[in-house]
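Here's the structure we're looking at; comments come further down.
The values are calculated or read from the model by the stated rules, or taken from the named source; none is laboratory data. The model shown is predicted, which means the values in this text are computed figures rather than measured ones. No Cβ is skipped: glycine too gets one built from the backbone with ideal geometry, and neighbour counts run over all protein chains shown. Accessible surface is based on the protein model in full, side chains and every heavy atom, while ligands, DNA and RNA are left aside. Shrake-Rupley method; radii C 1.70, N 1.55, O 1.52, S 1.80 Å.
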Amino acid sequence: MKKHNFSAGPCILPQEVLLKASQAVMDFNESGLSLIEISHRSKDFVAIMEKARSLALELLGLEDQGYKALFLQGGASMEFLMVAYNLLETKAGYLNTGTWSDKAIKEAKLFGEVLEVGSSKDENFNYIPKGYAIPDGLDYLHLTSNNTIFGTQLKKFPKTDALLVCDMSSDIFSRQLDFSEFDLIYAGAQKNMGPAGTTLVVVKEAILGKVSRKIPSMLDYQVHIGKDSMFNTPSVFAVYTSMLTLEWLKNLGGIAAIEEINEKKAQLLYSEIDLNPVFEGFAKKEDRSNMNATFNLVEEGLKETFETLLTEAGINGLNGHRSVGGYRASMYNALSLESVGVLVDVMSEMERKG
Ligand SMILES: *Cc1c(COP(=O)(O)O)cnc(C)c1O
């Protein structure tokens, strides 16, 4: 039986994407060869890379505005250091909204002064700091749009003269934003775009080449742009599968269409969390993420009953991250409203039992 997959990442992908990707592994474009045994320099694969890059810009509404899309390796974690390597000359600002921002800050400190403009560490990152001041003279301000572990999401983005850099790993392509407000966006594929193994970087080309340090080739965005994201062998399977997912999203009606579905899913689950006395939410209401909903049982003693019901319903991947505990329902683009309905049914059954 196919499971209802609420895993936080790697995570659910559209069924039709999995089917096409697996077919390509056996026989790519009826070539008699597998996608993963042909040269990345072959005409067929170069076309895929180009399509993945252009679809990413198209879906974000960033075509012809000086942005380049790259598919790199090393995960979002590599971007924590590449961003600083390429952009940090003297000082940068970071909004600390959880584990991933914390890790980004740690890397950036190797390259220059880092100012934490705001932090929600005091309450185990269950909210998004607001009303913080952004100092003048920053090389860039770094934000994390969605905090995968804690289940919070930035609803408003600060206005600043500094360059705006954003880790959108867990909510890219999930909601409409004015993406042109950002100078650099990055996202590990495995949350909302594809399998693990590649990272999308969308960068305004004009901001690069300004730092005085020398940058090793593999860490230099300009090198990757110069080689059309083929400086070295890319993750061919991850790029292909990401391209299929972006194509799926485009056919569905793009970000506007998926945002509507994502809002329905989130409303359905959060209203159950709020109305059902057996459960309590973790994140502050106004900062709740539409992608990752974190919640707990009010009484730990009901854990076994709840988890048995989850298993019986075919629900997978609901365990919370170890730093929060409890449960986390990740509702990425490919998760259906129906799957959220199944979870909500189990939760209401808990209320009847409890
Ligand atoms: C998962 C995640 C990361 C880390 O991604 P890797 O690809 O494992 O390096 C970074 N930022 C956010 C917001 C994430 O959700």
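Key figures for this structure:
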| read-out | value |
| --- | --- |
| Cα gyration tensor shape for region 265-349, rounded if a/c is under 1.5, else prolate or oblate | rounded |
| Formal net charge of residues neighbouring Gly314 (Cβ-Cβ distance under 9 Å; K, R +1; D, E -1) | +1 |
| Relative contact order (%) - region 202-354, alpha-carbon pairs under 8 angstrom, separation at least six | 21 |
| Listed peptides 125-132, 19-26 by packing density, highest first (mean Cβ within 10 Å) | 125-132, 19-26 |
| Shape category assigned to the chain from the gyration tensor of Cα positions, a/c cut at 1.5 | oblate |
| Whole-percent carbon and sulfur share, accessible surface of the chain, 1.4 Å | 50 |
| Alpha carbon centroid spacing (whole Å) that separates region 223-256 from region 49-116 | 17 |
| Net lengthening on full extension, Lys109/Ser271 (0.36 nm per residue, minus Cα-Cα) | 54.2 nm |
| Net charge of neighbours whose Cβ lies under 12 Å from the Cβ of Lys156, counting Lys and Arg as +1 and Asp and Glu as -1 | -1 |
| Reachable lysines from Lys109, criterion Cα separation under 28 angstrom, eight or more residues apart if same chain | Lys68, Lys91, Lys121, Lys130, Lys155, Lys156, Lys159, Lys191, Lys204, Lys210, Lys214 |
| Accessible area expressed per residue, the chain, with surrounding protein chains retained (probe 1.4 Å, Å²) | 43 |
| Mean separation of Cα contacts under 8 Å, 6 or more apart, over the residue count of the chain: relative contact order % | 23 |
| Under 19 Å from the Asn232 label point (7 Å along Cα→beta-carbon), backbone N, region 73-104 | 73-86 |
| Potential extension, Asp178-Lys264 segment - 0.36 nm per residue separation minus Cα distance | 28.8 nm |
| Global geometry of region 199-354, whether rounded, prolate or oblate, following the gyration tensor of its Cα atoms and the 1.5 cut on a/c | prolate |
